[in-house]
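The values are calculated or read from the model by the stated rules, or taken from the named source; none is laboratory data. Just so we're clear, the structure is a prediction, and the values are computed from it rather than from any experiment. Because the Cβ atoms are built from the backbone with ideal geometry, glycine has one as well, and the counts that use them run over all protein chains shown. Side chains included, ligands, DNA and RNA excluded: accessible areas come from the protein's heavy atoms. Shrake-Rupley method; radii C 1.70, N 1.55, O 1.52, S 1.80 Å.
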Amino acid sequence: MEIASGLLHGFAVALQPGNVFWCFVGCLLGTIVGILPGLGPAATIALLLPLTFKMDPAGGIIMLAGIYYGAKYGGSTTSILLNIPGESSSVVTCIDGYQMARQGRAGPALAIAAIGSFFAGTVGTLLIALFGPPLAEVALKFGAPEYFSLMLMGLVAAAVLAQGDMVKSLAMVALGLLLGIVGNDVNTGLGRFTFGVNELTDGIGFVVVAVGVFAVGEIISNLGEKERREVFTSKVMNLFPTWDDLKRSFGPIVRGTALGSFFGVLPGTGPAVASLSSYLVEKKIADDPSRFGHGAIEGVAGPEAANNADAQCKFIPMLTLGLPASGVMALMLGALTIQGIQPGPAVMTQRPELFWGLIASMWIGNLMLVVLNLPLVGLWVSMLKVPYRLLFPAIMAFSAIGIYSVNNSPFEIYLTALFGILGLIWMKLGFSLAPMLLGFVLGPMLEENLRRALLMSRGNISVFVTRPISLAFIIATALILAVIAAPAVRKRRHEIAD
Amino acid sequence: MLGAFLKKGDVISGAVLAALGVFIITQALAWDYYTLDGPGPGFFPFWYGVAMVVLSLLLVLNAARADPDGESKGVDWHATGRAMTVWLAFALSVGLMDFLGFLISFALLAFFLVAVVFHRPFLTAAVVAVASALAFHLIFPVALSVSLPTGPLGF
C-alpha cells in the first residue's frame, strides 16, 4: 500500500511539466552520448553537474538519471547498425546485432533491443520501488559503526569487483580517499595538504575532480585517437519483429533482466559484466549455440535487457544506503550532496518527492526512449556525421565554463586541467577511474562515521566487531578480498578481461 | 610491446605512489594522531598513506612477476603524443584566460585543435574558432548571464 501511494506520489512529481522536460532532456542527451563513441554518460553527467546547482534537486537528478539509462538505449543503435559500441556495455550487442543488420534484419534487432530494454527498465523500476523502502527502513537503524563497515565493504567491493587489476583499483580508492582529506580538518581547523593555497582550505571540489578526470581526461584521450567512423546511410526498413523473433527473445529478456538486476546491486561490477554474463548464459543454454555470432536474436535480447536492468538497479544501493555501486552513481551521489541533500535512507522520508519522483521518472523516461529510439533511428545515425573537430573543442570550453560558473574561480579551472592530465595518465596506465571517485566521495563519510563510532565506544575499536550487522559487513569485506585474491579467481578474471 | 610498457609503467607508477605515500605519512606524523574528540587530523592521512605504500609495493611486485611478453599489442605513441599536445594546449589556454579573457583564449584553443590536431586549413580553423567563440559568448554571458573571465577588451 505504502509502495502504491509512493509510486502515485512519484508519478505526480515526475509528470510535472518541468520534470517531464528535464527527463526528456536527459533521455535525449543520453541517446546522443550513447550513440557517439568517445563521450560516455559519466563524462556527460560530470559536464552537466555544475548546471544542476541552479536546478530544482528533483529535476536535476531526473535529468542526470535520464542521461545514464538513455545512453544504454543509444549505445545499442550504433552497435547494431555500425558495429560500433557507443558505450562499453553495448560491446556484446555488436556480436549478433551487427550480423542481423548485415542480413537485412536491423529493424527487428533494434526493436528487440528496445523492447528488452523497456521490459528490463520497467522491472528495474519496480524492484527499486519494492526493495527501496524496506532496505532504507533497515538502514535507518544503522549506527555509525554499521555505516563505517558498510562503506568499507562498498569501497573494497567496488575496487576488487571492477574490471582490471585489483591492486591498481585499490590504489585508486586510496588515492581518492587522500584527495578527500585535502582542506581544513573539520574538528581542529588544521589545514591538511593545502600547501598555503587559500582555495584549497575548503577541500577539492567534487565537480572539479569529476569534470577533470571524467570529462577533460576522456575528451583529451579521444582527441588523441584518429576518427574512425564509417557512417551508415541506408534506411532501416521494417522495425517489426516476427512472431518467431518474439518467442525466441522472451526467455533471454527475462533471464537478462534477472541477471542485470543481480549485478546492478553489486558494487563495482562495471557496465559490461551484466550484458556479457547474459550473452554467455544464452549461448550456453541454447539448442544450437553455433547460431551465436551469426545473427542470433537471443544474443541481442538478453544482453540489452541485462544492460538496462543493471543500470536501473544500480540506483538501489545509492538511493537506500547512500552507497554508490559505480562511478556514475558516485556522480549522482555528488549531485545530491551539492544540492545539500545527505544521501542515504533518510532521503526517502525527508525528500519523498525526490525518491519517488526519480523512480516514476525512470519508467516515463524508458517509455520516452522507446519512442525516441525506434522511429527516429535514422536521425541518430546521421548524427555520427557531426565532426569531432567541432564537437570536442566545444565540450572542452563547456567544461571550463561549467567549472568557472560554480565559484567564479579560475583556480578551479587550473585544477580541472590538472585532473584532466592525471585522468589521461591513469587511463593509459590501466588504472580505473571509478574507484578513485568512489573513494573521494565516500572518504569524508567514512571518516565521519569512524569518528562517531569511536566517540560512541570511547575509543574502543572492538565496536566494529561486537555489533552483529557491522561484524557481518566486516566479514563480507574480508571474504570478498580473500575470494578475489585467490589465484584461481585472479587467473579467471584475467581471462575474462582479455 | 604493451606488456613491457605496462610493466614499466606499473613500476614507475608504483614508485611514484610509494613516494606519495611516504610523503603523506611524514606529513601525518606531524599532526595529532588521536585527540580527546577521537581520531585527530593525522589519523586518516597516516592510514591512507600506509595503504598507499603497501599497495604501491604490491603493484611493483606484481609487475616484476608479470610476463612481459604476455601481450603483443603495440602502444600507440602517436595517439598518446596527440593527447598530450591537446592537454598542453588546453592548459595553456586556461592559463591565458586571466590575461586574454575566456573568449579569446578559447578561440585560440579551437583554432589550434582544428588546424594542428585535425590538420584542417587555417581558414577553416579560423572560421570555426571565431564562430564557436561567438556562439559561446551569445549563449553564456549574453543569454544566460553567466559571467566568464574577461580580458583587456572586456570579453
Inset, instruction - Please give the average number of partner chain Cβ atoms lying within 10 Å of the Cβ of each residue in B:110-117, rounded to a whole number. - result: 3
Inset, instruction - Quantify how strongly other chains surround peptide A:400-410 by giving the mean number of their Cβ atoms within 10 Å of each of its Cβ atoms. - result: 4
Inset, instruction - State, as an integer percentage, the relative contact order of chain A based on alpha-carbon contacts under 8 Å between residues 6 or more apart. - result: 29
Inset, instruction - Could you rank the peptides A:181-194, A:102-115 by their average count of other C-beta atoms within 10 Å per residue, with the highest value first? - result: A:102-115, A:181-194
Legend entry - Distribution of pairwise C-alpha distances over the range A:90-223, 5 Å bins, in %: 2, 7, 8, 10, 12, 14, 16, 11, 8, 5, 3, 2, 1, 0
Legend entry - Rg/Rg_ref, the range A:299-451, where Rg_ref = 2.2 N^0.38 Å and atoms are Cα: 1.27
Inset, instruction - Quick one: divide the alpha-carbon radius of gyration of the protein assembly as shown by 2.2 N^0.38 Å and tell me what you get. - result: 0.95
Legend entry - Probe 1.4 Å, accessible area per residue of the protein assembly as shown, Å²: 41
Legend entry - Dimensions in Å of the range B:42-148 - Rg and Dmax from alpha carbons: 22.1, 59
Inset, instruction - Determine how many Å³ per residue the convex hull of the Cα atoms of the range A:93-132 encloses. - result: 46
Legend entry - Heavy-atom SASA rank of A:Thr201, A:Thr466, A:Thr93 (probe 1.4 Å, accessible area, largest first): A:Thr466, A:Thr201, A:Thr93
Legend entry - Within 10 Å of each Cβ in A:384-393, the average number of Cβ atoms from other chains: 5
Inset, instruction - Rounded to the nearest Å, what's the spacing between the alpha carbon centres of the range A:370-446 and the range A:235-267? Just the number, please. - result: 30
Inset, instruction - Go through A:287-299, A:472-484 and give me the packing order, highest mean Cβ count within 10 Å leading. - result: A:287-299, A:472-484
Inset, instruction - Would you list the P(r) distribution for the range A:1-85, with all Cα-Cα distances sorted into 10 Å bins from 0 and each bin expressed as a whole %? - result: 19, 41, 26, 13, 1
Inset, instruction - Just order B:124-136, A:207-219 by mean Cβ neighbour count inside 10 Å, highest at the front, would you? - result: A:207-219, B:124-136
Inset, instruction - Please give the calculated 222 nm ellipticity per residue for chain A, where each DSSP H segment of at least 4 residues contributes -39500 (n - 2.57) and the sum is spread over every residue; nearest 500 deg cm²/dmol? - result: -24000 deg cm²/dmol
Inset, instruction - Of the listed pairs A:Lys168/A:Lys428; A:Lys385/A:Lys428; A:Lys314/A:Lys428; A:Lys314/A:Lys385; A:Lys168/A:Lys314; A:Lys168/A:Lys283, which have alpha-carbon separations greater than 21 Å here? - result: A:Lys385/A:Lys428; A:Lys314/A:Lys428; A:Lys314/A:Lys385; A:Lys168/A:Lys314; A:Lys168/A:Lys283
Legend entry - Dimensionless Rg/Rh of the range A:170-228 - Kirkwood Rh, Rg from C-alpha atoms: 1.15
